[in-house]
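A.B. asks: Got a structure for you, written out below as structure tokens; questions coming shortly.
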Amino acid sequence: MIKFSEIINKLLKRNQPESSSDAEYLRNDFKSRYQSFKILLSSNNKALDIMADIEKLLDGSRLFGMSHIKGNCTAVSVNVYKMIKNLEVLAPGKYRELSSGFTEIQKQIDKIVLFKEPEKNEPLVIPLDSVNKDMADVIGSKMANIGEMKNRLNLTVPEGFVITAAAYKKFISYNDLQSEIERLFQSTETEDIGQLYTLSAKIRQTIIKAGIPEEIKTAIQEAYAKLERNAGKKIRLALRSSAIGEDSAGSSFAGLYHSELNVSSDNIFEVYKNVVAGKYSLPAITYRFERGFRDEDVHMSVGCMEMVDAVAGGVMYSRNPVDMSDDYIFINSVWGLPKSVVDGSVDCDLFVVSRDSPMSLVHKDIKIKNRKFVCFPQEGICRMEITEELQAEPSLSSEQACALAEQAVKIEKYYGLPQDIEWAITDDGFYYMLQCRPLQIIEAGNKIIPSGLEKKDETVIVKGGVTASPGVASGKVFHVDKAVDILRFPESSVLVARQALPAWAPLLSRASAVITEQGGFAGHLANVAREFGVPAIFGITKIYEKLKDGDLITVDANGLSIHAGRIESLATASGKTKNLMNESPVYEILKEVSRYIVPLNLLDPDSRDFKPAGCKTLHDITRFIHEKSVQEMFNFGKEHNFSERSGKQLVYDVPMQWWILNLDDGFREEVDGKYVNFNNIVSVPMIAIWEGITAFPWEGPPPVDGKGLMNVMFEATRNPALATGARSVYAQRNYFMISKYFCSLSSRLGFHFSIIESIVCDRVGENYISFQFKGGAADHDRRLKRVLFLAEILEEYGFKVTVKKDSLFSRIDNRERDFMEKRLKVLGYLTMHTRQIDMIMSRESTVNYYKSKFRNDINQIIGQPLEIPAP
């Protein structure tokens, strides 16, 4: 409670005349406050921009990673903190509660964004004999499943060991790589594929140059030596990525990481770093963004398995991946190592086996296989030409296909899910299972040919190939052949390539469809295309030359056909690509952290809850500070009896109170008294706003029917904030704060309030207009309709608009001076003429009348052609 003596002192001080030295001191003091006020406003605009960006990310229209979330959280916190500190300059000690409220909100944000798993004492290397599927969080799902097949299903799996996630974390920590990786991510525009390409190269080189701690080296050497002792000979290893989250249901990461085959003990440490660096390949980075995985949650374990020198290998599916009702086993096979199947570089044989007992081969499609991958005797692998007589031979016999199918059914039965299995057969007849993961199955959709289409054979360019991913899509052809083509790929184009390589995976979020000459539905690119819902046809001979860049085509993966032009009857039947960010780990983190940043609870400055204790989010703090900073700037002259920087009442023939505070150079001449004439105003944005306010006289409240009047009366009794006695001294006035190129207008007209803030000058990069609108005496539904009414008009004149409940936020940036002045006139007009129209928002005819009137009035004000009503 204010003491009586304090009131007397204030009154005495107010009546004391100011000396020249006092006046100079007050001028300097006001300059300092004005500087703090400008910093405060700048920080407010930056904070609101960041909040708008967060809301855009939440609508799922853009991809983002944890670095973006962390960057946004840091930036918005820094700007809100600046606002608090500069409000303290304007009103020392008056709003101390804000700092403690900010600290509590920041603690909640940090708890979400900076969360780290507690460190566990885990081994650096685990022998494959000790591995099972319950260890996926230690060694990744890929190696956990391999260990499960070996140790619990008793299938033939190569011997080996796993370099664990604990070793990865120790390696990263030893070289302090995570902070450098996060720095590189935060300085990269993640929507720019070119910048991502550069980022990928920088991070991978940083990892490859890093040193491996001695204890990790020792653990690897001991595990390798034990393998060779048990084998009784020198052996080579396959080093396979096994990241946490890889090969899990719904997120295969198929072919996006790095593996190396036939590695000797001399090079195992360098190859280990290569595999770890593969976490940051361009396909892997883009996949994590698109699936919403936190980078710091993806630890790279590495499986080290004795190399299998296969005579034949491939991938088998325990069911049809593009038809849920088809329970045949599909086996894709090639000569040599299975690498040719998984990377889509060679056409492979297809064997289809019935699971009825006894199993039987029901279909086979034997391709010309002119190359195969084999192991070099010393180290590494090479691609080798196949002899002509062997090229057209089946890579499997019927007996071998059925034997493999039995293993597929056994694995599926054990896991209770359809499986995607990599396998190899050696010279001595052993069937090795090299990998298994849940099979991604999607329904092909309606395969019925739309009416009339069967008669339009003239639109078909080619038929054939295999459905790698079902669906229908249209787009312009773009050929990809080299890495540089990834950077040039246009949005929504049809990707056409010779081979179905995993390297093209980064383009799947931008491609409308995929067509290749080689590859089958068992390859890595096919897996990822199915996850992303991108239609794909693989294995169409000579299609690369047949299609030309820029051709508009329709790809019907369900019907295995490619049509010239856009076939509406097909395209409209195709579903939209799903938003893979939704419900992902990163998306959920953003959604959770945004609860402490974005919501605005402090809407009405006259509410009893409009105080520091009512600030529950960073947005609340910005709203509170903005409102109070305006009041504090206006109060300066009055509290210090300093006429030069006191608010002046505008002298103008308008039946409302308009008060103006000259922050710097907004007046033509300084004013000593309490009043200022409009012709003394030189503020560019204020003059534009005022021209809009005064362009057309307000016609008064719109005619309200009985229902509308009763609604207003009910709201007035239900909502104490609408009662006149509850409103502050500021509620009856409208406040301009101005300089020559700056203006802030806080307006209270009737039961709504609005804020216009703007800089308008000849430097386009500095120009902006911000407009906020809230309030009304009608019920929520009518207030919302008024806000939507306003939003429609503002968007027509180039404003970017956001509506939250019955509040509106809009903005225009970086436009030339004349354009900005005209838009301020629009806002001036709307500020004056939207009073009380919420009460008539339930009558469509009246709404249409005002909409037409507003447009015609505005077009006259800004010099645009009048709208001609339809007859």
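A.B. asks: Do the conditions hold for Val311, that is, is it touching a Ser or Thr at 6+ places or on another chain (Cβ under 9 Å), open to solvent by 10 Å² or more (accessible area, probe 1.4 Å) and touching a residue at least 60 places away in the same chain (Cβ under 8 Å)? Let's see the steps before the verdict.
C.D. replies: Numbers: touching a Ser or Thr at 6+ places or on another chain (Cβ under 9 Å): yes; open to solvent by 10 Å² or more (accessible area, probe 1.4 Å): yes; touching a residue at least 60 places away in the same chain (Cβ under 8 Å): yes.
When the stated conditions are applied, Val311 passes them.
A.B. asks: Residue check: is Tyr280 under 24 Å from the mean Cα position of the chain (by Cα) and crowded, with 24+ Cβ neighbours inside 10 Å?
C.D. replies: yes
A.B. asks: Which residue, of Phe351, Phe293, Phe269, is outside any loop (DSSP other than H, G, I, E, B) and open to solvent by 10 Å² or more (accessible area, probe 1.4 Å)? Break it down stepwise before answering.
C.D. replies: Working: Phe351 fails: open to solvent by 10 Å² or more (accessible area, probe 1.4 Å); Phe293 fails: outside any loop (DSSP other than H, G, I, E, B).
So the residue among Phe351, Phe293, Phe269 that is outside any loop (DSSP other than H, G, I, E, B) and open to solvent by 10 Å² or more (accessible area, probe 1.4 Å) is Phe269.
A.B. asks: Looking at the structure I just gave you, is Gln435 modelled with pLDDT under 95, open to solvent by less than 50 Å² (accessible area, probe 1.4 Å), in contact with an Asp or Glu (Cβ under 8 Å, 6 or more places away or on another chain) and over 29 Å from Ser354 (Cβ atoms)? Explain how you work it out, then say what you get.
C.D. replies: Numbers: modelled with pLDDT under 95: yes; open to solvent by less than 50 Å² (accessible area, probe 1.4 Å): yes; in contact with an Asp or Glu (Cβ under 8 Å, 6 or more places away or on another chain): yes; over 29 Å from Ser354 (Cβ atoms): no.
Judged against the criteria, Gln435 is not a match.
A.B. asks: Pull out all pairs, ordered by first then second residue, where Cβ-Cβ is under 6 Å, the residues are six or more apart or on different chains, the first lies in region 515-534 and is in contact (Cβ under 8 Å) with a residue 60 or more places away in the chain, and the second is in a strand (DSSP E or B) and open to solvent by 10 Å² or more (accessible area, probe 1.4 Å).
C.D. replies: Once the first residue is in contact (Cβ under 8 Å) with a residue 60 or more places away in the chain and sits in region 515-534, its partners that are in a strand (DSSP E or B) and open to solvent by 10 Å² or more (accessible area, probe 1.4 Å) give Gly520/Val466; Phe521/Val466.
A.B. asks: For the structure I just gave you, tell me whether Asp347 is in contact (Cβ under 8 Å) with a residue 60 or more places away in the chain, out of contact with any helix residue (DSSP H, G or I) (no Cβ under 7 Å at 6 or more places or on another chain) and of a type in the set (D, E, K, R).
C.D. replies: Spelling it out, Asp347 is indeed in contact (Cβ under 8 Å) with a residue 60 or more places away in the chain, out of contact with any helix residue (DSSP H, G or I) (no Cβ under 7 Å at 6 or more places or on another chain) and of a type in the set (D, E, K, R).
A.B. asks: Say whether the condition of being farther than 17 Å from Thr622 by Cβ and open to solvent by less than 40 Å² (accessible area, probe 1.4 Å) is met by at least one residue in region 111-118. Write out each step before concluding.
C.D. replies: Just the residues of region 111-118 that are farther than 17 Å from Thr622 by Cβ, to begin with: 111-118.
Applying the additional criterion that residues be open to solvent by less than 40 Å² (accessible area, probe 1.4 Å) yields 112-113.
Yes, the conditions are met somewhere in region 111-118.
A.B. asks: Filter region 468-509 for residues that are free of Cβ contacts under 8 Å to residues at least 60 places away in the same chain, of a type in the set (D, E, K, R) and open to solvent by 40 Å² or more (accessible area, probe 1.4 Å) and give the result.
C.D. replies: Within region 468-509, Asp481, Lys482, Arg488, Glu491, Arg498 qualify.
A.B. asks: OK, next. Can you name the number of the only condition in (1) modelled with pLDDT of 85 or more; (2) in a loop (DSSP other than H, G, I, E, B); (3) in contact with a helix residue (DSSP H, G or I) (Cβ under 9 Å, 6 or more places away or on another chain) that Asp665 fails?
C.D. replies: Asp665 satisfies all of (1) modelled with pLDDT of 85 or more; (2) in a loop (DSSP other than H, G, I, E, B); (3) in contact with a helix residue (DSSP H, G or I) (Cβ under 9 Å, 6 or more places away or on another chain) except (3).
A.B. asks: Which one of the conditions (1) modelled with pLDDT of 80 or more; (2) buried (at least 20 other Cβ atoms within 10 Å of the Cβ); (3) not in a helix (DSSP H, G or I) does Leu580 fail to meet, given that it meets all the rest?
C.D. replies: Of everything listed in (1) modelled with pLDDT of 80 or more; (2) buried (at least 20 other Cβ atoms within 10 Å of the Cβ); (3) not in a helix (DSSP H, G or I), Leu580 misses just condition (1).
A.B. asks: Regarding region 118-130, can at least one residue be identified that is assigned to a helix (DSSP H, G or I), in contact with a helix residue (DSSP H, G or I) (Cβ under 7 Å, 6 or more places away or on another chain) and among the hydroxyl-bearing types (Ser, Thr, Tyr)? Even if it seems obvious, please write down each step before you answer.
C.D. replies: To start, the set of residues in region 118-130 that are assigned to a helix (DSSP H, G or I) comprises 128-130.
Subsequent filtering for residues that are in contact with a helix residue (DSSP H, G or I) (Cβ under 7 Å, 6 or more places away or on another chain) retains 128-129.
With among the hydroxyl-bearing types (Ser, Thr, Tyr) added as a condition, the list becomes none.
No, every residue in region 118-130 fails to be assigned to a helix (DSSP H, G or I), in contact with a helix residue (DSSP H, G or I) (Cβ under 7 Å, 6 or more places away or on another chain) and among the hydroxyl-bearing types (Ser, Thr, Tyr).
A.B. asks: Let me ask something else about it. With respect to Thr286, is the statement that it is among the hydroxyl-bearing types (Ser, Thr, Tyr), assigned to a helix (DSSP H, G or I), surrounded by fewer than 19 Cβ atoms within 10 Å (Cβ to Cβ) and under 34 Å from the mean Cα position of the chain (by Cα) true? Break it down into steps so the answer makes sense when it comes.
C.D. replies: Values: among the hydroxyl-bearing types (Ser, Thr, Tyr): yes; assigned to a helix (DSSP H, G or I): yes; surrounded by fewer than 19 Cβ atoms within 10 Å (Cβ to Cβ): no; under 34 Å from the mean Cα position of the chain (by Cα): yes.
So Thr286 fails the test.
A.B. asks: Additional query: Hey, among the residues in region 181-195 that are buried (at least 16 other Cβ atoms within 10 Å of the Cβ) and either among the charged types (D, E, K, R) or more than 22 Å from Cys73 (Cα to Cα) (or both), which one's farthest from the chain's Cα centre (by Cα)?
C.D. replies: Result: Glu182.
A.B. asks: Please give the helices (runs of 4 or more DSSP H) falling wholly within region 139-236 in which 1 or more residues are touching a Gly at 6+ places or on another chain (Cβ under 9 Å) and within 30 Å of Val484 (Cα to Cα). It would help to see each step written out before you state the result.
C.D. replies: Values: elements: 165-174, 177-186, 193-209, 214-231.
Filter on region 139-236 gives 177-186, 193-209.
A.B. asks: With the structure loaded, tell me whether Ala526 is buried (at least 23 other Cβ atoms within 10 Å of the Cβ) and not in a loop (DSSP other than H, G, I, E, B) or whether it fails that test. Walk me through how you get there before you give the answer.
C.D. replies: Working: buried (at least 23 other Cβ atoms within 10 Å of the Cβ): yes; not in a loop (DSSP other than H, G, I, E, B): yes.
Criteria met by Ala526.
A.B. asks: For residues that are out of contact with any helix residue (DSSP H, G or I) (no Cβ under 6 Å at 6 or more places or on another chain), open to solvent by less than 10 Å² (accessible area, probe 1.4 Å) and at pLDDT below 95, tally how many sit in region 296-308.
C.D. replies: As a first pass, look at region 296-308 and keep what is out of contact with any helix residue (DSSP H, G or I) (no Cβ under 6 Å at 6 or more places or on another chain): 296-298, 304-308.
Within this subset, residues satisfying the condition of being open to solvent by less than 10 Å² (accessible area, probe 1.4 Å) are 298, 304-305.
In the following step, the residues that additionally are at pLDDT below 95 were identified as 298.
Final tally of qualifying residues: 1.
A.B. asks: Does Tyr257 satisfy the condition of being at pLDDT below 90, in contact with a Ser or Thr (Cβ under 6 Å, 6 or more places away or on another chain) and not charged (D, E, K, R)?
C.D. replies: So Tyr257 passes the test.
A.B. asks: List pairs: first residue in region 89-104 and farther than 16 Å from Phe37 by Cα and aliphatic (A, V, I, L, M), second residue at pLDDT 90 or above and surrounded by 12 or more Cβ atoms within 10 Å (Cβ to Cβ) anywhere in the structure, Cβ distance under 8 angstrom, at least six positions apart or on different chains.
C.D. replies: Leu98/Ile84; Leu98/Leu87; Leu98/Pro612; Leu98/Cys615; Leu98/Ile621; Leu98/Phe624; Leu98/Ile625
The values are calculated or read from the model by the stated rules, or taken from the named source; none is laboratory data. All figures in this text were calculated on a predicted structure; none of them were measured in a lab. Methodologically, a virtual Cβ is constructed for each residue, glycine included, from the backbone with ideal geometry; neighbour enumeration extends over all protein chains shown. Protein only, heavy atoms only, side chains kept; ligands, DNA and RNA dropped before computing areas. Shrake-Rupley method; radii C 1.70, N 1.55, O 1.52, S 1.80 Å.
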